[in-house]
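A.B. asks: Could you have a look at this structure, given as structure tokens, before my questions?
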Protein chains: 2
Amino acid sequence: MTANSPVIALHGGAGTILKSNMTPEKEADFHQALAACLEAGLLILREGGSALDAVTASVMALEDNPLFNAGRGAVFTTDAKHEMDAAVMKGDTRESGAISGICGPRHPVLAARAVMEQTEHVFLAGDGAKRFCENADLEMMEPEWFSTEQRLNALNAEMERRRLGVEDDGDPARKHGTVGAVALDQHGHLAAATSTGGMTAKTPGRVGDSPVIGAGTWADDKTAAISATGHGEFFIRWAVGHEIDARMRWAGQDLQKAATDVVTELGEIGGSGGLIAVDAKGNICLPFNSPGMYRAWCGTDGVIHTAIYKDS
Amino acid sequence: MTANSPVIALHGGAGTILKSNMTPEKEADFHQALAACLEAGLLILREGGSALDAVTASVMALEDNPLFNAGRGAVFTTDAKHEMDAAVMKGDTRESGAISGICGPRHPVLAARAVMEQTEHVFLAGDGAKRFCENADLEMMEPEWFSTEQRLNALNAEMERRRLGVEDDGDPARKHGTVGAVALDQHGHLAAATSTGGMTAKTPGRVGDSPVIGAGTWADDKTAAISATGHGEFFIRWAVGHEIDARMRWAGQDLQKAATDVVTELGEIGGSGGLIAVDAKGNICLPFNSPGMYRAWCGTDGVIHTAIYKDS
């Protein structure tokens, strides 16, 4: 394998994923889904495609799978609506596209990519973003398409919890649902993509870290491609993606140290979550400070791995 | 003067401010306005108030002045509406608040501060942000209050330019209208605030760098408080505020070198604009790569300065 063997990693969210809440069947479903979503991007890389196309394909597959909180299966706001965020970034030029608060495009990641490719802007939000999507030649879906019974139950449970004033149990589906992918292609370029439905029962209009370039999404060929998942407010305030980039550029740290330290430090201040990262040499780092993070990866050895818990 | 003498700086936007387009009367108006807006924050600092209160007061004064593109005097979108963005950040805790796409609060900077102080979120956008403002005990104004003839003329001229396909002349009022303030208080804390109407004839929904924590707004007591103004898309992709912070923390650079280099590098890739920055020692740096930047500052010597062009 050469240094330009393609590398890809993805996540399907981090959080308090407890083995006690899992069944063997459910675990198997997750492993199978993670592998299939990884393969969608890996196939593109192996055919010589771009990292951008690969991360887009993997995130599209994750968005279509209701197991994950993005696209179909997105969580609900307090209004019982969906407001989805997504971003993409290219490592060669730092071109970026991000979108927030939309419900319409089957694939929010394609909406973010359309912002990057079809406008002079980086970031669109709210009504203007919705209008842009309607005119951007994207496949559109009715709100019902994104809704699942599981997410509606989660909303109802959370609203009931708030009504009763019961202490927050930190349910992972509500707090840490995000998907993302990072890749290195045969041409030596990096890319990152992130997509999310946000937090169950979030305040309408809330923007998390996913569409904030430098926080939940980052890519630069000189350092790394990064996609984060976790308590978004902390990830914004700690500029997580760009912080890892900066430690590599300015402190000479390798990806492993930079990414691991940042996630550890986040955990110490209460910022639970994790991230996936790949550097220009094809190194992969998948740190998280929560009990689990749905993840899959394929390094320069060409072997596909999937994992959920810390010890796996 | 001790190291804890208060320090404050503000900007009213950067761009192609040409002496040939100015009259002595107009210049005098700007200098007077810049000094008055600075004094609003300086007074608070001299009375022992917080950097956060000081930057809030200076930005409120800038928002009320129709000379500047924020609050009253905000530019128009292609829909002939106002969509305002603002952010605040505290250097001691990195607490942050940001808001995008609103038209209602007389002072968008107070809406951003309300996000920080009244919610568990950092960033609200679109309809949800508007609804939040309506319930956040903010002074609200009708859209007409923000509108000025000058900005409507600028919109009409830009729409006509696009209709005729005439080449863009880089008119500064359209591209670089933002206001901001940074301060160091007697207690050794830093804060930053930024507010903007965006770009004349911007696409509705466009989010610039101002409300993106780490891009147009940043504050950390260990490094600096920063508020940027310029071509927002570049400032997001280069994570300008956090990049200066990172060079100070990880490369040991002083504020002067970090801030000046970042603005010079932005200019080299076409990212015109500038920023204001103050560090924890009270050093001030006000670099810009455009011909002018409306600015005012008061360092540890207690003297108020105002300037518009590069040579002043």
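The values are calculated or read from the model by the stated rules, or taken from the named source; none is laboratory data. In this text the structure is predicted, and so the values were computed from the model without any measurement. Here the Cβ positions follow ideal geometry from the backbone for every residue, glycine too, while neighbour counts run over all protein chains shown. These accessible areas exclude ligands, DNA and RNA; they are computed on the full protein's heavy atoms, side chains included. Shrake-Rupley method; radii C 1.70, N 1.55, O 1.52, S 1.80 Å.
A.B. asks: Using only protein heavy atoms and a 1.4 angstrom probe, determine the accessible area buried between B and A, summed over both sides, in Å² to the nearest 100. Display every interim value, and only then the final one.
C.D. replies: Working: alone 12700 and 12700 Å², together 22000 Å².
It comes to approximately 3400 Å² buried between B and A.
A.B. asks: What residues of the range A:186-209 lie in the reach of a label at A:LEU152, counting those whose backbone N is under 18 Å from a point 7 Å from the Cα along Cα→Cβ?
C.D. replies: In the range A:186-209, the label zone of A:LEU152 (backbone N under 18 Å from the point 7 Å along Cα→Cβ) covers A:200-202.
A.B. asks: Normalised by the number of residues in the range B:35-183, what is the relative contact order in percent for Cα pairs under 8 Å and 6+ residues apart?
C.D. replies: 24 percent
A.B. asks: Any idea what the dipole of the range B:7-301 comes to, in debye rounded to 20, about its Cα centre with Lys/Arg Cβ at +1 and Asp/Glu Cβ at -1?
C.D. replies: Numbers: 26 positive and 41 negative charges, 82 e Å.
Roughly 400 debye for the range B:7-301.
A.B. asks: How far is A:ALA36 from itself in the other copies, in nm, if each label sits 7 Å out from Cα along the Cα-Cβ line, shortest first?
C.D. replies: List, nearest first: 6.6 nm.
A.B. asks: Where Rh is the Kirkwood radius over the Cα pairs of the range A:25-108, the temperature 10 °C and the viscosity 1.306 mPa s, what D in µm²/s does Stokes-Einstein return?
C.D. replies: Answer from the Stokes-Einstein relation: 114 µm²/s.
A.B. asks: Per the helix-only calculation at 222 nm, which mean residue ellipticity applies to chain A, given -39500 (n - 2.57) for every DSSP H run of n ≥ 4 and division by its residues, nearest 500 deg cm²/dmol? Don't jump to the answer; show the numbers that get you there.
C.D. replies: Values: 10 runs with 112 residues, N = 312.
The helix-only estimate for chain A comes to -11000 deg cm²/dmol at 222 nm.
A.B. asks: So what is the orientation-averaged projected area of the range B:7-301, using the convex hull of its C-alpha atoms, in nm²?
C.D. replies: That works out to 14.4 nm², a quarter of the Cα hull's surface.
A.B. asks: Hey, which of these cross-link pairs are over 27 Å Cα-Cα: A:LYS90/A:LYS281; A:LYS257/A:LYS310; A:LYS130/A:LYS222; A:LYS222/B:LYS202? Don't skip to the answer; put the middle values down first.
C.D. replies: On the way: A:LYS90/A:LYS281 16 Å; A:LYS257/A:LYS310 18 Å; A:LYS130/A:LYS222 34 Å; A:LYS222/B:LYS202 32 Å.
Violating the 27 Å limit, Cα to Cα: A:LYS130/A:LYS222; A:LYS222/B:LYS202.
A.B. asks: What's the carbon and sulfur percent of chain B's accessible surface, probe 1.4 angstrom, rounded to a whole number? Write out the running numbers ahead of the final one.
C.D. replies: Numbers: 5490 of 11000 Å².
Taking all protein chains in place, chain B shows 50 percent carbon and sulfur surface.
A.B. asks: What does the average come to when, for each residue of peptide A:213-219, you count the partner chain Cβ atoms lying within 10 Å of its Cβ? Could the numbers behind the result be given before it?
C.D. replies: On the way: counts 9, 12, 8, 0, 0, 1, 0.
Counting other chains' Cβ atoms within 10 Å and averaging over A:213-219 gives 4.
A.B. asks: Ignore the peptide's own chain and count Cβ atoms of other chains within 10 Å of each Cβ in B:283-295; give me the average, rounded.
C.D. replies: Rounded to a whole number, the mean comes out at 0.
A.B. asks: I need the GluC sites (Glu not before Pro) found in the range A:100-147, filtered to DSSP loop residues with at most 13 other beta carbons within 10 Å of theirs.
C.D. replies: In loop regions of the range A:100-147 (DSSP not H, G, I, E or B), the sparsely surrounded GluC sites (Glu not before Pro) are A:GLU120, A:GLU139.
A.B. asks: What are the nm distances, shortest first, from B:ARG163 to its equivalents in the other copies, labels at 7 Å along Cα→Cβ?
C.D. replies: With the label placed 7 Å along Cα→Cβ, B:ARG163 yields 5.5 nm.
A.B. asks: Between A:ASP311 and A:HIS187, with labels modelled 7 Å along Cα→Cβ, what's the label distance in nm to one decimal, could you check?
C.D. replies: According to this spin-label approximation, the distance is 4.5 nm.
A.B. asks: To continue, here is another question. Please report, for B:THR78, the nm distances (one decimal) from its label point, 7 Å out from Cα along the beta-carbon direction, to the equivalent points in the remaining copies, shortest first.
C.D. replies: Shortest to longest, the spacings are 3.4 nm.
A.B. asks: In whole Hz, what ³J(HN,Hα) sequence does the range B:65-79 give by Karplus (6.51, -1.76, 1.60; θ = phi - 60°), x for Gly and Pro?
C.D. replies: Those phi angles translate into 8, x, 5, 10, 7, 6, x, 5, x, 5, 6, 9, 7, 4, 7 Hz.
A.B. asks: Follow-up. Average partner chain C-beta neighbours within 10 Å, per residue of B:198-204?
C.D. replies: Average per residue, whole number: 3.
A.B. asks: Also, quick follow-up: With helices defined as uninterrupted DSSP H runs, which ones in chain A have an alpha carbon span along their own long axis of at least 27 Å and mean Kyte-Doolittle hydropathy of at least -0.5?
C.D. replies: On the way: long enough: A:24-46 (32 Å, 0.29).
Membrane-span-like by this criterion, though nothing is claimed about a membrane: A:24-46.
A.B. asks: May I pose another question? What is the list of residues in the range B:107-139 whose amide nitrogen lies under 13 Å from a point 7 angstrom out from the Cα of A:ASP168, following Cα to Cβ?
C.D. replies: Backbone N within reach: B:119-122.
A.B. asks: Over the protein assembly as shown, give the accessible area per residue in Å² for a 1.4 Å probe, as an integer.
C.D. replies: Solvent-accessible surface per residue comes out at 35 Å².
A.B. asks: Also, quick follow-up: Just which residue of chain A brings its Cβ nearest the axis of rotation onto chain B, and by how many angstrom, rounded whole?
C.D. replies: A:GLY126, 1
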